[in-house]
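Asks: Following this message is one structure expressed as structure tokens.
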Amino acid sequence: MAADYGGTGAPDVHPSRTDVVVVRRGEVVVKAHSVRDDPVLLAPRLRAAGAAALSGIMLAPLDTEVLTVAGRAVTVWPAGQTVDPDTAPWEEGARLLARLHAVPLPVVSPMPAAGGPARAARAVRRMAGDGPVEQLIRMTFAGLPEPEPTPGLLTHGDWHLGQLVRRERWLLIDIDDLGVGDPVWDLARPAAWYAAGLLEAPTWDRFLGAYLASGGPALDPDDPWARLDVPTRALTAQLAAVAVVNAARDGRELDEVEHSLIEACDRIVGLPQGLP
Amino acid sequence: MQCPKCRGNMRTYERNGVHIEQCDNCRGIFLDYGELETITRMESQYRSAPPPAPGGPAWGAPSHGGHHGGGYHHGHKRKDSFLGMLFSS
């Protein structure tokens, strides 16, 4: 199929932990989406990625129609260079998110809801065990204060360093959770790494500083943590839940990094009532 | 100047514009007229000053602020585990 879009050479299957299948053939990448992804919801997300308003922000697809192969939704993309963790473009990622969040919604409407909050709830639900760690994570998630209502903006929904590729410039990829939501959720995963003591303060400052300097609308520049706090707690619970599920699947204990997330949950649950 | 309490030697210090005499012997402190008011005024200014830009949530990792223990640089296993997390949903 990649060959139909000009891909050449041997197919290269990218490893994935989920049921998503990504195959690269030369310059063309074909993605078979999760069976969970609703093709009806993917269509407007794919159209948005191809819209002129997102040019230079998100990678544009080679085909703006969602295809179907053996009952699975499939999309086709140009290949790009992925992030080298030693030279990760944190600032560029933050600037791209700031620009994404600033895209006027009417240009891409109608769009479904962004997938971040549902993804967090799903991760917490997926934990099978009922030990003290699972209970702590469930308590963290269940105890989140109600979010203050905010105007919905265009939001990526699942941002991390794997969601950047470089062609002539860095671009956002992955439309699966793109939609209307609270854009703070796009910043909450790095924020959760930082709050857990995993991401170093200078790196976090570079990311946050670049977002604010680009006029990113998700945060109050005078008090960025006012809006970050609650979604970052949610992402902390989500990351901890994913770690528990991964460790159970691999038949191993949590490692030191994963433990940092459990400790962060412990600190969240220990907060005095009434905060933030 | 001699300490009015123990007759020890008083040493003079200047701190933020406040003139303080302290006894080398009993460590007692002598304030000149008006200096207590100066200190009280400075204290209330300190308390009403806006807090510095918060660098993280109230529940953030305790190592924030000083030298950071976490991150890329501590051990291969730790580094690999966190790198995997940086790139996965």
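Asks: Based on this model, can you work out whether A:PRO145 counts as assigned by TED's automatic domain parsing to the domain that holds A:VAL184 and either under 23 Å from A:TYR194 (Cβ atoms) or aromatic (Phe, Trp, Tyr) (or both)?
Replies: yes
Asks: Take the residues of the range A:17-38 that are under 17 Å from B:PHE87 (Cβ atoms) and surrounded by 14 or more Cβ atoms within 10 Å (Cβ to Cβ): which is modelled with the lowest pLDDT?
Replies: Only one residue tops the list, namely A:VAL20.
Asks: Then there is this: Scan A:GLY56, A:GLY50 and give me the residue that is modelled with pLDDT of 95 or more and in contact with a Lys or Arg (Cβ under 8 Å, 6 or more places away or on another chain).
Replies: Only one candidate passes the filter, namely A:GLY56.
Asks: Could you grab me the full set of residues in the range A:154-167 that are of a type outside the set (Gly, Ala, Ser) and surrounded by fewer than 22 Cβ atoms within 10 Å (Cβ to Cβ)?
Replies: Within the range A:154-167, A:ASP158, A:HIS160, A:LEU161, A:VAL165, A:ARG166, A:ARG167 qualify.
Asks: Check whether at least one residue in the range A:175-184 is in contact (Cβ under 8 Å) with a residue 40 or more places away in the chain and part of a helix (DSSP H, G or I), and report yes or no.
Replies: Yes, the range A:175-184 has at least one match.
Asks: Which helices (runs of 4 or more DSSP H) does the range A:185-276 wholly contain that include 2 or more residues that are closer than 17 Å to B:PHE82 by Cβ, within 11 Å of chain B (Cβ to nearest Cβ) and touching a Lys or Arg at 6+ places or on another chain (Cβ under 9 Å)?
Replies: The helices (runs of 4 or more DSSP H) meeting that bar are A:224-250, A:256-269.
Yes/no matrix, rows are residues, columns are (1) charged (D, E, K, R); (2) surrounded by 24 or more Cβ atoms within 10 Å (Cβ to Cβ); (3) over 15 Å from the mean Cα position of the chain (by Cα); (4) not assigned by TED's automatic domain parsing to the domain that holds A:GLY116:
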site: A:LEU187; (1), (2), (3), (4): no, yes, no, no
site: A:ALA191; (1), (2), (3), (4): no, yes, no, no
site: A:ALA210; (1), (2), (3), (4): no, no, yes, no
site: A:GLY216; (1), (2), (3), (4): no, yes, yes, no
site: A:ASP220; (1), (2), (3), (4): yes, no, yes, no
site: A:TRP225; (1), (2), (3), (4): no, no, yes, no
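Asks: While we're on this one: Any chance you could count how many residues in the range A:127-153 are free of Cβ contacts under 8 Å to residues at least 60 places away in the same chain and over 22 Å from the mean Cα position of the chain (by Cα)?
Replies: Selection size over the range A:127-153: 4.
Asks: Same structure again: So, of the residues in the range A:62-114 that are of a type in the set (Ser, Thr, Tyr) and within 14 Å of chain B (Cβ to nearest Cβ), which turns out to be surrounded by the most Cβ atoms within 10 Å (Cβ to Cβ)?
Replies: Result: A:THR82.
Asks: Can you tell which of A:PRO202, A:PRO231, A:PRO217, A:PRO221 is within 26 Å of A:LEU96 (Cβ to Cβ) and in contact with a strand residue (DSSP E or B) (Cβ under 9 Å, 6 or more places away or on another chain)?
Replies: A:PRO217
Asks: Need the failing condition index for A:GLY152 against (1) among the small types (Gly, Ala, Ser); (2) modelled with pLDDT of 95 or more; (3) over 14 Å from A:ALA234 (Cβ atoms), just the number.
Replies: The number of the failed condition is (2).
The values are calculated or read from the model by the stated rules, or taken from the named source; none is laboratory data. Just so it is clear, the model here is predicted, and its values are computed rather than measured. Every residue, glycine among them, receives a Cβ derived from its backbone with ideal geometry; neighbour counts consider all protein chains shown.
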